[in-house]
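I have placed the structure first, in the form of structure tokens, so that the comments after it can refer back to it.
The values are calculated or read from the model by the stated rules, or taken from the named source; none is laboratory data. Remember, predicted model here, so these are calculated numbers, not experimental data. Positions of Cβ are generated from backbone atoms using ideal geometry, with glycine treated the same way; all protein chains shown enter the neighbour counts. In case anyone asks, the SASA skips ligands and DNA or RNA and just uses the protein heavy atoms, side chains included. Shrake-Rupley method; radii C 1.70, N 1.55, O 1.52, S 1.80 Å.
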Amino acid sequence: RGKLELMDIITDNVLREDRGRSPQRDFHILFVPRRSLLCEQWLKEQGVLGSFIHREQYSLDLIPFDGDLLSMESESAFKECYLESDQTSLYHAAKGLMTLQALYGTIPQIFGKGDCARHVANMMIRMKREFPGSQNSIFPVFDTLLLLDRNVDLLTPLATQLTYEGLIDEIYGIQNTYVKLPPEKFAPKKQGEGGKDLPTEPKKLQLNSAEELYAEIRDKNFNAVGSVLSKKAKIISAAFEERHHAKTVGEIKQFVSQLPHMQAARSSLANHTSIAELIKDITTSEDFFDNLTVEQEFMSGIDTDKVNNYIEDCIAQKHPLIKILRLVCLQSVCNSGLKQKVLDHYKREILQTYGYEHILTLNNLEKAGLLKPQTGGRNNYPTIRKTLRLWMDDVNEQNPNDISYVYSGYAPLSVRLAQLLARPGWRSIEEVLKMLPGPHFEERQQLPTGLQKKRQHGENRVTLVFFLGGVTYAEIAALRFLSQMEDGGTEYVIATTKLINGTTWIKSLMEKLEPAPF
């Protein structure tokens with residue numbers, strides 16, 4: 001990617017190579033997603049630009065992560081759009097959507113909410129006008145595109161996700177569908193050796209829906225995962241028991257042919273049982289429970305307007321700064337900003353405990369709207385919460401009937417907007433939409449004659465939801481839940497600039513200040 005700090009590493013490598021060898025190596029550089037003049041200028045000043053025989057760009061826009069998930073993996077997109085007013089990532093989002101339309105047909109309806117969404121829609125319409133040849137005669141796969149700004153719903157990523165996949169991401173961090181886990185849980189148990197040589201390398205696993213078991217449990221609330229795993233264990237051991245009953249050659253042959261699948265299922269079960277144990281150690285800890293209790297109090301509107309004792313205690317005990325920032329920002333968002341007195345108190349406590357250099361981070365969070373003084377003296381959140389039914393008291397975690405199961409009570413605002421758009425439509429929530437930041441709009445794209453869809457009875461509509469600024473695994477789980485609902489009538493495909501969680505998101509807004517040399 002065209003980042004200056006990467007250019008220094010590249011320069012180093014080139015200079016080191018040039019010194020050491022007689023036959024010169026050829027260098028090539030590919031910028032993703034497009035060439036950066038700034039970087040080329042920098043390489044030129046370092047005197048290494050001439051070493052590159054090819055300088056190209058590779059327009060990698062949307063990367064498929066799963067059957068229903070695309071991401072641009074641009075971690076700085078949120079910061080660029082909301083802090084630096086740099087809309088490059090929005091241009092790439094629009095380009096990615098144009099590519100998608102070239103492959104899967106023009107999307108007839110575009111809905112959007114937020115300033116960035118408006119920009120992307122405008123760019124798409126403009127690109128379509130500028131390339132008249134882009135009118136393709138492919139039958140449209142998507143019926144609707146929903147563009148959502150991350151800052152329309154700042155609350156959801158700050159809360160702790162409670163789905164299986166969400167918790168893996170919160171605790172261990174999922175990087176491009178891979179997770180690294182502590183190895184001791186995965187060591188093969190040998191008799192009589194007494195853990196002499198425990199592996200030290202972290203265990204690296206790939207997580208996606210190609211793995212049957214993972215596809216089944218990834219979007220469940222963590223409290224519902226244990227029962228699925230134990231059911232699976234019984235089924236698998238029963239299947240292995242079958243071998244004692246195989247008498248004839250035909251039966252043995254059939255058993256052997258199923259063996260690879262059974263062994264894969266067994267190792268998959270072993271892995272997920274280990275992961276679930278690791279997560280359970282954390283979710284049953286007192287600290288996790290206290291943190292979650294405070295989050296849930298804020299989200300249901302309890303005591304959001306005064307300094308919170310738990311947060312004060314955590315600062316006094318110097319808990320990780322990101323944990324503190326997530327909670328304080330959550331309180332601010334659930335109160336439409338904090339009273340100046342409360343805000344100043346938190347800021348002072350944070351700076352005195354963690355160091356003055358974090359004043360820049362606090363400033364960024366304020367600019368992004370995450371941690372801000374309450375203006376106009378009104379808290380809109382209760383109205384938004386009630387109208388959109390964001391807090392549900394009676395949550396069924398085992399067999400959910402509403403999307404709020406992904407946070408054990410809180411229904412992600414972003415997903416609720418998508419749900420209401422499908423039925424009964426946004427007109428029903430006009431008032432609340434006005435309270436959320438940015439414009440909401442609808443555009444229609446003309447389809448060439450003969451391509452208009454005649455919907456068969458019982459055929460689902462397909463909606464592409466594009467999150468500009470990042471999406472969490474819990475939101476993806478909630479959208480998948482809506483896709484699977486019997487009477488839903490809508491299937492969702494999800495696209496985003498980056499897969500995020502509260503920690504990676506806050507981290508992307510933090511300023512790294514080098515300590516003074518003296």
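Near the amide H of residue 65, under 5 Å away, which other amide H atoms are found, from residues 5 or more places off or on another chain, if H is placed in the peptide plane? Amide H to amide H, under 5 Å and 5 or more residues apart or across chains, residue 65 pairs with 70, 71. Per the Debye formula with a single identical scatterer at each Cα and no solvent contribution, what log10 I(q)/I(0) holds for region 4-57 at q = 0.13, 0.19, 0.25, 0.28 Å⁻¹? Log10 I(q)/I(0), no solvent term: -0.29, -0.62, -1.04, -1.25. Modelled spin labels at residue 393 and residue 53, positioned 7 Å past Cα toward Cβ, are 7.3 nm from each other.
Ranking request for peptides 230-242, 485-497, 147-159, 410-422: highest mean number of other beta-carbon atoms within 10 Å first, then the rest in descending order. Mind dumping the intermediate values first?
Values: 230-242: 12.5, 485-497: 18.6, 147-159: 25.2, 410-422: 23.2.
By packing density, highest mean first, the sequence is 147-159, 410-422, 485-497, 230-242.
Accessible area per residue for the chain is 51 Å², calculated with a 1.4 Å probe on protein heavy atoms, without ligands, DNA or RNA. Using a probe of 1.4 Å, the accessible surface attributed to residue 256 totals some 80 Å² when neighbouring protein chains are kept in position. For region 71-116, GluC sites (Glu not before Pro) are listed when DSSP marks them as loop and at most 13 other Cβ atoms sit within 10 Å of their Cβ; the list is 84. Compared with the alpha-carbon gap, the fully stretched path from residue 223 to residue 16 is longer by 69.2 nm at 0.36 nm per residue.
Quick one: net charge of residue 228's neighbours, Cβ under 13 Å, K/R +1, D/E -1? Once positives and negatives cancel, what remains is +1. Near residue 462, the amide H atoms lying under 5 Å from its own belong to 143, 144, 491; only residues 5 or more places off or on other chains count, and H is placed 1.01 Å from N. Summarising the strand pairing of the chain, around 35 percent of its internal DSSP beta bridges are antiparallel.
Shown for the chain: the carbon plus sulfur share of the solvent-accessible area, taken with all protein chains present and a 1.4 angstrom probe, equals 53%. For residue 179, the shell of other residues with beta-carbons less than 11 Å away shows a net charge of +1, using +1 for Lys and Arg and -1 for Asp and Glu. When the Cα convex hull of the chain is projected onto planes of every orientation, the mean area is 34.3 nm².
With K and R counted +1 and D and E -1, the other residues having a Cβ less than 13 Å from that of residue 436 yield a net charge of 0. The amide H of residue 139, built 1.01 Å from its N in the peptide plane, has no neighbour under 5 Å, considering only residues 5 or more places off or on other chains.
Estimated at the nearest 10 Å², the accessible area of residue 119 is 80 Å² with a 1.4 Å probe. Contact order, relative form, for the chain: 23 percent (alpha carbon pairs under 8 Å, 6 or more residues apart, mean separation divided by residue count).
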